[in-house]
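K.L.:
Before we start, here is the structure in question, set down as structure tokens.
The values are calculated or read from the model by the stated rules, or taken from the named source; none is laboratory data. Quick caveat: nothing in here was measured; it's all calculated off a predicted structure. Because the Cβ atoms are built from the backbone with ideal geometry, glycine has one as well, and the counts that use them run over all protein chains shown.
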Amino acid sequence: MMTAEDNETLTRVGPGTAMGAWMRLFWIPFYPSGGLSPDSQPKRVKLLGEDLVAFRDSDGKPGLVANACPHRGAPLMFGRNEECGIRCVYHGWKFDISGKVMDMPAEPEQSRMRERVRLKAYPCQERNGVLWTYMGDAAEPPALPEIEFNLVPAENVHISFRVQECNWLQALEGEIDSAHAPILHGRIDGGGAINQWVAGQDLRPKFECKRRDFGVSIASRRIVDAETHYWRVNQYMAPFWTLVPPQSKFPELSGHAWVPIDDETTLCLMFSYTPATPLYPKTREVLANGHRGRETGHASVNAFEPQPPTTPYGDFRTRFRPDTGYGFDYQSQQTSWFSGLPGLWIQDAACQSGVAPIFDRTQENLCASDTGIVMTRRMLLESVKAHRDGGARPAGADKPETFMVRAISMHLPAGADWETAGSGPMTARVGADFGYVL
Ligand code: FES
Ligand SMILES: [Fe+2]
């Protein structure tokens, strides 16, 4: 059982918190490149509890700055994005992407004030359609982490962003919990690919977990027959990444960055990719548009309900939320879908955020299938406290190659060791295929 104090340590991410300081050791993916155009509307962003604004300047360079103007705190989300800077609409102070003052039109010309004042700004980098920022205080940020989805050619990958109304860890825990998949996502009418999925033949997986430099490997074993076991290994990677294995009917690797917007809201960046070949056009079509009116693991174009520009990540808010009932349909629960919830990611989101944005973990009753969650929490608490108390830096913070990892799903002879058999396939090599038959 978890103490209330540990629950607080794990879930609070704002400035001055232990988890917040630990997360700020890592680069954070925060926006799709395509969401910002040169000299177009700045976008309201919030990360780790900090109110920010993202924009792209006239040269195409991305900027991520404080929302509050350092003059008297007017919101820069209303700023004019013009001539290589963002200009506050209140008194016209203008800043470049590094936060340097470019103009103070209402100040005496000889004023030296513009040399003293700075707008808070975080460094940004851009790679393969994703904008990243570093919110730590290192003068020299480390290199961007090498995570395979962001290194493969654009035609191999589909990426989506959406907002979920719960704490980052609550969402993350749903994706290292392999036991729920054939139940929550199943059907009762015998139709559909998930019902034919091998994982559904044994609903009582046995878990084996292993601490790694990058985080935790969570292996689940299901018995296929006397000679064959089916192993699925999900990965947790610091600070907020999960990787999900492919399966024969869905041969894509996928995963998420569960980026904390604040303690109670999460930006869910999802990626699906094939490591050595372009995605099938049909697959991309389904991921982008949904399947027969239902959502896949990705939020489809139909799911979004954009909010006003004052709402952080307003373009990525969906209509499937706690206050809309997530589109729950009792009738479909009686006739077709086990959950009555209209699609994969909604089923997960409803279970993760339907009761409280931060669940009181002292009230849980953890069981055998929660082994991976227990180990991940333990690893997080140890690493966060070691950083808080002694400044210890987690292995991956300074070594980008730490994250070249894949999740795997393999049929192995009964009794075979998943770690030995999976060690090659669990290593990501850009351009290389799975290395085993799905
Ligand atoms: S508050 Fe922004 S210029 Fe005055
Ligand atoms: Fe799920």
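K.L.:
Is it the case that some residue within region 384-394 is closer than 20 Å to Cys166 by Cα, touching a residue at least 12 places away in the same chain (Cβ under 8 Å) and among the hydrophobic types (A, V, I, L, M, F, W, C)?
P.N.:
No, every residue in region 384-394 fails to be closer than 20 Å to Cys166 by Cα, touching a residue at least 12 places away in the same chain (Cβ under 8 Å) and among the hydrophobic types (A, V, I, L, M, F, W, C).
K.L.:
Which fully enclosed strands (runs of 3 or more DSSP E) of region 141-246 have 1 or more residues being under 17 Å from the mean Cα position of the chain (by Cα)?
P.N.:
Output list reads 157-164, 215-225, 228-237, 241-244.
K.L.:
Tell me, which residue of region 333-371 that is farther than 18 Å from Leu184 by Cα and touching a strand residue (DSSP E or B) at 6+ places or on another chain (Cβ under 8 Å) is modelled with the highest pLDDT?
P.N.:
Top of the filtered list is Pro357.
Residue-by-condition table, conditions (1) at pLDDT 95 or above; (2) farther than 26 Å from His256 by Cβ:
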{"residue": "Gly396", "(1), (2)": "no, no"}
{"residue": "Phe403", "(1), (2)": "yes, no"}
{"residue": "Arg406", "(1), (2)": "yes, no"}
{"residue": "Met410", "(1), (2)": "yes, no"}
{"residue": "Pro413", "(1), (2)": "yes, yes"}
{"residue": "Pro425", "(1), (2)": "yes, no"}
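K.L.:
Determine whether region 28-42 contains at least one residue that is farther than 30 Å from Pro357 by Cβ, at pLDDT 95 or above and aromatic (Phe, Trp, Tyr).
P.N.:
No, every residue in region 28-42 fails to be farther than 30 Å from Pro357 by Cβ, at pLDDT 95 or above and aromatic (Phe, Trp, Tyr).
K.L.:
Given the conditions (1) among the hydrophobic types (A, V, I, L, M, F, W, C); (2) within 16 Å of ligand 1 (Cβ to nearest atom); (3) within 29 Å of Gly255 (Cα to Cα), and given that Val117 satisfies all but one, which numbered condition is not satisfied?
P.N.:
Going through the list (1) among the hydrophobic types (A, V, I, L, M, F, W, C); (2) within 16 Å of ligand 1 (Cβ to nearest atom); (3) within 29 Å of Gly255 (Cα to Cα), Val117 breaks only (3).
K.L.:
If you take just the helices (runs of 4 or more DSSP H) that sit entirely in region 338-438, which of them hold at least 2 residues that are more than 16 Å from ligand 2 (Cβ to nearest atom) and surrounded by 14 or more Cβ atoms within 10 Å (Cβ to Cβ)?
P.N.:
Counting at least 2 such residues, we get 371-390, 418-422.
K.L.:
Moving on to the next point. Given the criteria surrounded by 14 or more Cβ atoms within 10 Å (Cβ to Cβ), under 22 Å from Gly60 (Cβ atoms) and not hydroxyl-bearing (Ser, Thr, Tyr), does Pro123 qualify?
P.N.:
The answer is yes for Pro123.
K.L.:
Residues in region 292-303: is at least one among the aliphatic types (A, V, I, L, M) and loosely packed, with under 13 Cβ neighbours inside 10 Å?
P.N.:
So far as region 292-303 goes, yes, one or more of its residues are among the aliphatic types (A, V, I, L, M) and loosely packed, with under 13 Cβ neighbours inside 10 Å.
K.L.:
To continue, here is another question. So in region 136-176, with the set limited to residues that are out of contact with any helix residue (DSSP H, G or I) (no Cβ under 7 Å at 6 or more places or on another chain) and aliphatic (A, V, I, L, M), which one is nearest to ligand 2 (Cβ to nearest atom)?
P.N.:
Out of the qualifying residues, it is Leu172.
K.L.:
Then there is this: Is one or more of the residues making up region 238-255 polar (S, T, N, Q), touching a helix residue (DSSP H, G or I) at 6+ places or on another chain (Cβ under 8 Å) and closer than 22 Å to His387 by Cβ?
P.N.:
Looking for residues that are polar (S, T, N, Q), touching a helix residue (DSSP H, G or I) at 6+ places or on another chain (Cβ under 8 Å) and closer than 22 Å to His387 by Cβ, one finds at least one in region 238-255, hence yes.
K.L.:
Report whether or not Pro278 is outside any strand (DSSP E or B), assigned by TED's automatic domain parsing to the domain that holds Leu243, at pLDDT 95 or above and not aliphatic (A, V, I, L, M).
P.N.:
Taking the combined requirement at face value, the residue satisfies it.
K.L.:
Six or more apart or on different chains, Cβ atoms under 6 Å: show the pairs whose first residue is in region 65-87 and touching a residue at least 24 places away in the same chain (Cβ under 8 Å) and outside any loop (DSSP other than H, G, I, E, B) and whose second is of a type in the set (Lys, Arg) and more than 12 Å from ligand 1 (Cβ to nearest atom).
P.N.:
Going by the 6 Å Cβ cut-off, the qualifying pairs are Ala66/Lys120; Met77/Arg44.
K.L.:
Out of all the residues in region 67-105, which are closer than 20 Å to Cys124 by Cα, within 13 Å of ligand 1 (Cβ to nearest atom) and surrounded by 20 or more Cβ atoms within 10 Å (Cβ to Cβ)?
P.N.:
Of everything in region 67-105, those that are closer than 20 Å to Cys124 by Cα, within 13 Å of ligand 1 (Cβ to nearest atom) and surrounded by 20 or more Cβ atoms within 10 Å (Cβ to Cβ) turn out to be Asn67, Cys69, Leu76, Met77, Gly79, Gly85, Ile86, Arg87, Lys94, Phe95, Val101.
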